[in-house]
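Participant: Sharing a structure with you now.
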Amino acid sequence: MILSGMPEEVTIVGEVLPFDEKIELENWKDKHVSIKDYLDYHRKSIEELEEFWGSVAKELEWFKPWEKVLEEGDHPYVYKWFKGGKINLSYLALDRHVKSWRKNKLAYIWEGEPVNEKGEPKEVKKLTYHELWQMVNRVSHILKNFGLKKGDKIAIYLPMIPELPIFMLAASRLGIIFTVIFSGFTAENLSSRMNDLGAKLLITVDGFYRRGKVINLKEIADKALTLSPQIEKVVVVKRLNLKVNMVEGRDYWLNDLLDKVPYSANAEPELLESEYPLYVLFTSGTTGKPKGIIHDNGGYATLLHATMKWVFDIKDEDIYFCTADIGWVTGHSYIVYGPLIEGATILMYEGTPDYPAPDRWWSMIERYGVTIFYTTPTAVRMLMRFGDEYVKKHDLSSLRLIHSVGEPINPSAWRWLFDVIGEKRCPVGSTWWMTETGGILISHLPGKALIPLKPGTNGLPIFGVDADVVDDNGNSVPLGKKGYLVIKKPWPGMPSAPTGMLGDPERYRKVYFERFPGKGYFLCSDYAVKDKDEYIWVAGRADEVLKVSGHRIGTYELESVLVSHKAVTEAAVAGKPDPIKGEVPIAYVVLKQGFEANSKLIEELKRWVREKHGPVSVPESIFFVNKLPKTRSGKIMRRLIKAFTSGASLGDVSTLEDEAAVEEVKGAYEELMKSMKASK
Ligand code: 6R9
């Protein structure tokens, strides 16, 4: 019932999606294939799934070959990819290249945020594969000297500085399972993730620059450490030479530790089982605390290798720039492991795109001759607003390929990327994937088989991935209809053994596989449409998860933060479409007796959210309501709140809630309307 009454015309931030517009690029002619040929080859790859992925995995270097490509794990739907195989991602990313001509090739070009009076970067660091390998070896020694070994867990709370990939690679070299916590997160977020993982050691930094301001990260970490007593040791990177609180016997400066490790220090990579956990990344869902998604070594490396080649067409001559933060999955897969496994040169930037001016990225593309650019719709919409002059100041002719990620891209943002940034020369794609998928699953493939572009589409599923759009019963929807995005067969890079989700294989099964019982379909919780060419257009989340500027936020978590304030008894949060951020959170709050609904309290609640959950989550508006709309059985009418927030009229929303009578929904809507007026 949920999907009935859905409009067939699909919009992204108010723009209608152009299902029928097709664009082919003369200069990419040799990569263009017909949609039919693509689909034929795709069908074969799905029918022979194991042979297909086995042949891709063979292109990597394994210490020991696998016995079986795909095997059921110990829990339902937790599979083992390349069972019996042994591999190491730090070895693939470094040692292999150091042994080859790539030894002195640049792995990272890093730019710090501060600029001089001419607007040029004050700090640039360049690391060759050999230098990176050497640092990773020395840092691995440091981890070993702390007594850490395979299976131990550590937390990394670092901003966009080279030490972040260095520690990730050192941990994966030794089989130490790590979690990276985004440097924009609060002390509460950091502490709960460290505790859930059971981390023994934390790596952080004194501070870093963001939009010209110094952020004292160690101070935030100190707060988190009071809530995480199991952390035995803290390693602090010296980025700004700030005076910070160092606890004797617990906290160590990285440079002091490095002083004791010779350049010749060599840490042998562990021979890890393919399905052995590489890292855990926490991500928001519909209910409860963020889920710790586990990614493995072998399957993950295989998907990254495939997508770096097919999606990014990565070549040795490329300068590759992904603008994500490594704190999110995009950075893990496409700033660290993916491009390093391919031996690419990666541009990495500390700061924001509009500092000191909105041409920061364009100046960097010009400065380093960037060829591949991977960015987000929110950033594009924000930078578009400043006009084309900022772009035209720079020579972007080095660019040859552009992709976007994180949320649906509206056609006008796509066109700006295509016309103004790529000068009609570069394919522009929108790669669909999630933290859970490990890597890109739906995308144009300029590196392998390019079908015509369409402004805003995700394109077709990549080879070896059985993605589909289904109705409430799990049947494929007719072309042109909206439905749920599912992945029908396992794919390498999926959440992995031992439990898929940290500590909780049952929750993993429930969240992703219970919606269509017995079918084994992985529920992505996105709405999507398949157009008549079978192209997929993901149109936003179908659950209580928001994508605010591409950041994934669970409304449940936000509601919990609001309710933890002394004035609030109940809260509901929904997303409202926003022309820049994609969507923004709107909160409806019921106050406890004795608290007055006024603007001071609104400010206080916003400050509360900022402090407890982070700046991205702060609601754009907070409305005080007398009660939340609920069904007779006491369930909050979530779809009604969502529709109401996006500006739907009473006519549109009256049949939305499955369990409530139309009259009840109408009544609740009107009630909400009245209290909104009263709270203005
Ligand atoms: C990689 C990443 C996952 C959610 C996903 C979907 C949205 C990501 C998209 C996209 C439309 C794209 N999403 N890429 N929607 N087009 N190209 O963003 O992971 O943070 O886990 O978010 O992001 O809604 O379900 P994550």
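Participant: For the chain, build the charge dipole from Cβ charges (+1 Lys, Arg; -1 Asp, Glu) around the Cα centre, then report which of 269, 140, 49 sits farthest towards its positive end.
Facilitator: Most positive-ward Cα: 140.
Participant: Same structure again: For a quick protection proxy, order the peptides 286-298, 485-497 by their average other-Cβ count within 10 Å, most packed first.
Facilitator: Working: 286-298: 22.2, 485-497: 24.5.
Final packing ranking: 485-497, 286-298.
Participant: To continue, here is another question. Determine the shape class of segment 157-307: with a ≥ b ≥ c the square roots of the Cα gyration tensor eigenvalues, call it rounded for a/c under 1.5, and otherwise prolate if a/b is greater than b/c, oblate otherwise.
Facilitator: Values: a/c = 1.66, a/b = 1.19, b/c = 1.39.
Verdict is oblate for segment 157-307.
Participant: How charged is the neighbourhood of residue 144? Take every other residue with its Cβ under 14 Å from the Cβ of residue 144, and add Lys/Arg as +1 and Asp/Glu as -1.
Facilitator: Working: positive: 138, 149, 150, 173, 200, 233, 260; negative: 152, 268, 270.
With Lys, Arg at +1 and Asp, Glu at -1, the neighbours total +4.
Participant: Would you tally the net charge around residue 79, using a Cβ to Cβ cut-off of less than 11 Å, leaving residue 79 out, and scoring K and R as +1, D and E as -1? Working shown, then result.
Facilitator: Values: positive: 68, 80, 83, 489; negative: 71, 72, 74, 275, 296.
Counting the neighbours of residue 79, the net charge comes to -1.
Participant: If each residue of separation counts as 0.36 nm, what is the full-extension length gain between residue 393 and residue 241 once their alpha-carbon separation is subtracted?
Facilitator: On the way: separation 152, 0.36 × 152 = 54.72 nm, distance 3.50 nm.
Stretched out fully, the residue 393 to residue 241 stretch lengthens by 51.2 nm.
Participant: Here's another thing I want to ask about it. Let me know the charge dipole size of segment 532-668 about its Cα centre in debye, to the nearest 20, where only the beta-carbon of Lys, Arg (+1) and Asp, Glu (-1) is charged. Write down the numbers at each step before the final one.
Facilitator: Working: 21 positive and 20 negative charges, 78 e Å.
The dipole magnitude comes to about 380 debye.
Participant: Also: What does the net charge come to around residue 544 if you take all other residues with beta carbon closer than 11 Å to its beta carbon, with K and R at +1 and D and E at -1?
Facilitator: Values: positive: 541, 638, 639, 642; negative: 543, 557, 559.
That works out to +1.
Participant: Oh, and also: Calculate the dipole size of segment 330-412 relative to its Cα centre from +1 charges on Lys and Arg beta carbons and -1 charges on Asp and Glu beta carbons; express the result in debye to the nearest 20. Please list the in-between numbers first.
Facilitator: Working: 7 positive and 9 negative charges, 17 e Å.
The dipole magnitude comes to about 80 debye.
Participant: Within segment 506-553, list the GluC sites (Glu not before Pro) lying in a DSSP loop whose Cβ has at most 15 other Cβ atoms in a 10 Å radius.
Facilitator: On the way: sites: 506, 514, 534, 544; in loops: 514, 534, 544.
For GluC sites (Glu not before Pro) across segment 506-553 that sit outside H, G, I, E and B with at most 15 neighbouring Cβ atoms in 10 Å, the list reads 514.
Participant: Under the rule of at least 5 residues apart or a separate chain, name every residue whose amide H is placed under 5 Å from the amide H of residue 156.
Facilitator: For residue 156, whose amide H was placed from the backbone, the distant partners under 5 Å are 179, 180, 181, 203.
Participant: Step through the residues of segment 334-342 one at a time and calculate ³J(HN,Hα) from phi using the Karplus curve (6.51 cos²θ - 1.76 cosθ + 1.60, θ = phi - 60°), rounding each to whole Hz and writing x for Gly and Pro.
Facilitator: Taking θ as phi minus 60°, the curve returns 10, 10, 10, 5, x, x, 5, 4, 7 Hz for segment 334-342.
Participant: Turning to a different aspect of this structure: Tell me, what ³J(HN,Hα) does each residue in segment 48-60 have, in order and in whole Hz, if you take phi through Karplus 6.51 cos²θ - 1.76 cosθ + 1.60 with θ = phi - 60° and put x for Gly and Pro?
Facilitator: 10, 3, 5, 4, 4, 6, x, 6, 5, 5, 4, 6, 8
Participant: 5 Å is the cut-off here: which amide hydrogens, built 1.01 Å from N in the peptide plane, fall below it relative to residue 540, excluding neighbours closer than 5 in sequence?
Facilitator: Answer set, sorted by chain and number: 527.
Participant: Place the peptides 603-616, 155-168, 126-139, 413-426 in order of packing, highest mean first, counting for every residue the other Cβ atoms within 10 Å and averaging per peptide. If you can, show how the numbers build up before the last one.
Facilitator: Numbers: 603-616: 16.9, 155-168: 24.6, 126-139: 20.8, 413-426: 19.2.
So the order, starting with the most tightly packed, is 155-168, 126-139, 413-426, 603-616.
Participant: Something else: Quote the relative contact order of the chain in percent (integer), defining contacts as alpha-carbon pairs under 8 Å separated by 6+ residues.
Facilitator: Numbers: 1471 pairs, mean separation 95.8, N = 680.
Rounded, it is 14 percent for the chain.
Participant: Nothing charged except the Cβ atoms of Lys and Arg (+1) and of Asp and Glu (-1): what's the magnitude of the dipole of the chain about its Cα centre? Round to the nearest 20 debye.
Facilitator: Details: 90 positive and 92 negative charges, 251 e Å.
So the magnitude is around 1200 debye.
Participant: Per 0.36 nm of contour for each residue apart, how much would the distance between residue 252 and residue 287 grow if the chain were fully extended, relative to their Cα-Cα spacing?
Facilitator: On the way: separation 35, 0.36 × 35 = 12.60 nm, distance 3.75 nm.
Separation in residues times 0.36 nm, less the Cα-Cα distance, equals 8.8 nm.
Participant: A further question on this structure: Give me the 1.4 Å probe accessible area per residue for the chain, excluding ligands and nucleic acids, in Å². Let's see the in-between values first.
Facilitator: Numbers: 25500 Å² over 680 residues.
Result: 38 Å² per residue.
Participant: If you count, for each residue, the other Cβ atoms within 10 Å and average over each peptide, how do 552-564, 625-637, 355-367 line up from highest to lowest? Write out the running numbers ahead of the final one.
Facilitator: Values: 552-564: 20.7, 625-637: 15.7, 355-367: 19.2.
Order by mean packing, descending: 552-564, 355-367, 625-637.
Participant: Next question, about the same structure. Just check the chain against the gyration tensor rule for me: Cα atoms, a ≥ b ≥ c as the square roots of the eigenvalues, rounded for a/c under 1.5, and otherwise prolate or oblate depending on whether a/b exceeds b/c. Spell out each step's value before the answer.
Facilitator: Numbers: a/c = 1.41, a/b = 1.19, b/c = 1.19.
Taking the square roots of the gyration eigenvalues as a ≥ b ≥ c, the chain is rounded.
Participant: Give the long-range amide H neighbours of residue 228: residues separated by 5 or more places, or on another chain, with amide H under 5 Å away, using H modelled in the peptide plane at 1.01 Å from N.
Facilitator: Counting only residues 5 or more places away or on other chains, the set is empty.
Participant: Just name one of 368, 114, 87: the one whose Cα is farthest towards the positive end of the charge dipole of the chain (beta-carbon charges, Lys/Arg +1, Asp/Glu -1).
Facilitator: Farthest towards the positive end: 114.
Participant: Taking the dipole about the Cα centre of the chain, with the C-beta of Lys and Arg at +1 and of Asp and Glu at -1, give me whichever of 301, 168, 595 is farthest to the positive side.
Facilitator: 595
The values are calculated or read from the model by the stated rules, or taken from the named source; none is laboratory data. The structure presented is a predicted model; accordingly, all values stated were derived computationally and were not measured. All Cβ positions, glycine included, derive from the backbone under ideal geometry; neighbour counts span all protein chains shown. For the accessible areas, the whole protein counts, side chains as well, though only heavy atoms, and no ligand, DNA or RNA atoms are used. Shrake-Rupley method; radii C 1.70, N 1.55, O 1.52, S 1.80 Å.
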